[in-house]
Amino acid sequence: MTETSTCELTRLNTYAARALFRSGELAPSELLEATFARIAAVNGDRETGVNAFTEILASEAREQARAADTAWADARSDGSEPPPLLGIPVATKEKHGLAGRSLEQGLASQRGVLADADHPVVERVLHAGGIIHARTTSPEFSCATVTHSPAWGITRNPWHLAASPGGSSGGAGSALAAGMATLATASDIAGSTRIPAGFTGTVGYKAPYGRIPGLPPLSADWYRGDGPMARTVADTALFAGVLSGHHAVDHGSVGVPGAAPISSARLRAPNMRGRRIGLALTLGDYPVAPSIRANTERVAQVLEAAGAVIIPVELPWTVERITATTFAHFGYILGPAMAKLTAGTESELAAYTTQFIADAARAAADVSFPESLALDAAIQGELASAMTGLDALLTPVQAVEMLDAAGNYLDGIDAVGPDGLPVHLAHYWEAHMTSPFNVANRCPVLAVPSGISSVGVPTGVQIVGHPWDEATVFEIGAAIEARIEMPDYPDLRA
């Protein structure tokens, strides 16, 4: 297999791959081998390479691919319709347990821990015929917006190796951007799907809370959720359907399993005429870098040219208030869970993990649990008011152009405001514009590419829908994707 053919095959989306499987021009085992060749060529090592994976499941994946070859041959013979992901290489986040494999989440306290069952999203990937060929990196306990840890090293952005792909699903974003997976699973409690999508030029979806099942007890946390990432809006919608619906292990999960959020036909011809879309460039007072602001405005312009009505929206939020609200919540759920799990191994934690636990504890000491609920309700009410009369809200994913791949940002982060002047943010999470929509977590949010920043790293926009209105965000996302030209993923060499 030549390098050119490998690159071409690993650029295929799910629909294109399925069409080739159906015609017999390509076999799942051939796509898998091209994917492994791409990994060998570009993933590199844990110190200087992209380093997107915790492990490669070569033997198991090849066995699954041979079975998929046979299943597609049978389908061509009898005209049957195979499962939606049959033969598609899917990278799953390490925290999404795979029975009998590691479930360490990058933590020293969890070394040697194995999953005793498949996570619900893993179960659904396998049921749909997906081939889990690799498992992706994350920061410790998925608690940072950069992706590095003592356990797994530094994960880098294929577009700019000095930059982070974001976090916590940074391995997923890097794997997709570099062509080392066709689909990837992710999770999101403050932007952990959308931030990597924004920084890597991929697509990430935060479904409404309960739409995609999680694993208890933290699946009961209404800020969080698991979900899909891909390189196209259509693939993301297809994958969201595979993952969605009620599962017995998650009491809070709802819906019919396998129901797609939108039809593929509607995605092929998205209609923007008369759509009322709010444009919130700063979500209050986030200091959005000029290139990100310009790319977001360009997205609004192409939607307007397609027939949408763009309406400027102001929200009464400050970055300090959003941080206070979210960390009060973390102080009662995620922070204590992390402290308990890591007790006795504090000296081995990454600096960002230690800081997260301390910040969450401090916030809980300042705000009672009922008061934290009131903070949530205020954000939710203000968003609902701002979106009255609109079909969706458009806003950037990130306020900064890049994060350092090895950064800890313990003293906050320097940003550049819209006037070009420097701004220092007290907490580095304030550089991302995602967490308000975890507070308002019944809203579906799709992150799609908006362009390239002045430092060569992709930028993204979020499309925020009304609670449970998934179809609208995907339709708007498809319209953006059709009109915003992005470069092919970077053609890296090892």
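If I filter region 418-477 down to residues being of a type in the set (Ser, Thr, Tyr) and farther than 27 Å from residue 252 by Cα, which single residue comes out as farthest from the chain's Cα centre (by Cα)?
454
Without any contact (Cβ under 8 Å) to a residue 40 or more places away in the chain, surrounded by 14 or more Cβ atoms within 10 Å (Cβ to Cβ) and not in a strand (DSSP E or B): is that true of residue 235 in this structure?
no
Identify, by number, the condition in (1) under 23 Å from the mean Cα position of the chain (by Cα); (2) touching a residue at least 24 places away in the same chain (Cβ under 8 Å) that residue 297 doesn't meet.
In the conditions (1) under 23 Å from the mean Cα position of the chain (by Cα); (2) touching a residue at least 24 places away in the same chain (Cβ under 8 Å), residue 297 misses (2) alone.
Within region 284-302, identify whether any single residue is assigned to a loop (DSSP other than H, G, I, E, B), closer than 30 Å to residue 143 by Cβ and basic (Lys, Arg), and answer yes or no.
No, region 284-302 contains no residue that is assigned to a loop (DSSP other than H, G, I, E, B), closer than 30 Å to residue 143 by Cβ and basic (Lys, Arg).
Please work out which residue is nearest to residue 124 (Cα to Cα), limiting yourself to region 258-274 and to residues that are in a loop (DSSP other than H, G, I, E, B) and under 21 Å from the mean Cα position of the chain (by Cα).
258
For the condition surrounded by 23 or more Cβ atoms within 10 Å (Cβ to Cβ), closer than 29 Å to residue 439 by Cβ and modelled with pLDDT of 95 or more, what is the one hit in 210, 130, 191, 179?
191
Note down all Cβ pairs under 6 Å where the first residue falls in region 189-209 and is closer than 20 Å to residue 325 by Cβ, the second is part of a loop (DSSP other than H, G, I, E, B) and of a type in the set (A, V, I, L, M, F, W, C), and they're at least six residues apart or on different chains.
These pairs meet every condition: 194/397; 208/468; 209/222.
Kindly list the number of the only condition in (1) more than 19 Å from residue 53 (Cβ to Cβ); (2) not in a loop (DSSP other than H, G, I, E, B) that fails for residue 117.
All conditions pass for residue 117, except number (2).
Every residue in region 462-475 that is of a type in the set (A, V, I, L, M) and farther than 10 Å from residue 393 by Cβ, please.
Answer for region 462-475, where residues must be of a type in the set (A, V, I, L, M) and farther than 10 Å from residue 393 by Cβ: just 471.
Against the conditions (1) buried (at least 19 other Cβ atoms within 10 Å of the Cβ); (2) over 23 Å from residue 237 (Cβ atoms); (3) modelled with pLDDT of 95 or more, where does residue 416 fall short? Just the number, please.
If we test residue 416 against (1) buried (at least 19 other Cβ atoms within 10 Å of the Cβ); (2) over 23 Å from residue 237 (Cβ atoms); (3) modelled with pLDDT of 95 or more, just (3) comes out false.
All but one of (1) among the hydrophobic types (A, V, I, L, M, F, W, C); (2) touching a residue at least 40 places away in the same chain (Cβ under 8 Å); (3) surrounded by fewer than 18 Cβ atoms within 10 Å (Cβ to Cβ) hold for residue 393; state the number of the condition that does not hold.
Evaluating residue 393 over (1) among the hydrophobic types (A, V, I, L, M, F, W, C); (2) touching a residue at least 40 places away in the same chain (Cβ under 8 Å); (3) surrounded by fewer than 18 Cβ atoms within 10 Å (Cβ to Cβ) leaves (3) as the failure.
Give the number of residues within region 364-413 that are of a type in the set (A, V, I, L, M), under 30 Å from residue 47 (Cα atoms) and assigned to a strand (DSSP E or B).
1
Just checking, does region 165-186 include any residue being within 10 Å of the chain's Cα centre (by Cα), within 14 Å of residue 441 (Cα to Cα), in contact (Cβ under 8 Å) with a residue 24 or more places away in the chain and assigned to a loop (DSSP other than H, G, I, E, B)?
no
Out of region 307-363, which residues are among the charged types (D, E, K, R) and either in a helix (DSSP H, G or I) or under 19 Å from residue 168 (Cβ atoms) (or both)?
Scanning region 307-363 gives 320, 321, 340, 346, 348, 359, 362.
Which of the residues belonging to region 49-71 are part of a helix (DSSP H, G or I), within 30 Å of the chain's Cα centre (by Cα) and touching a residue at least 40 places away in the same chain (Cβ under 8 Å)?
If the condition is that a residue be part of a helix (DSSP H, G or I), within 30 Å of the chain's Cα centre (by Cα) and touching a residue at least 40 places away in the same chain (Cβ under 8 Å), then 58, 60, 61, 64, 65, 68, 69 are the ones that fit.
The values are calculated or read from the model by the stated rules, or taken from the named source; none is laboratory data. Nothing here was measured: the structure is a model prediction, and the numbers come from that model. Using ideal geometry, Cβ is built from the backbone for each residue, glycine included, and neighbour counts are taken over all protein chains shown.
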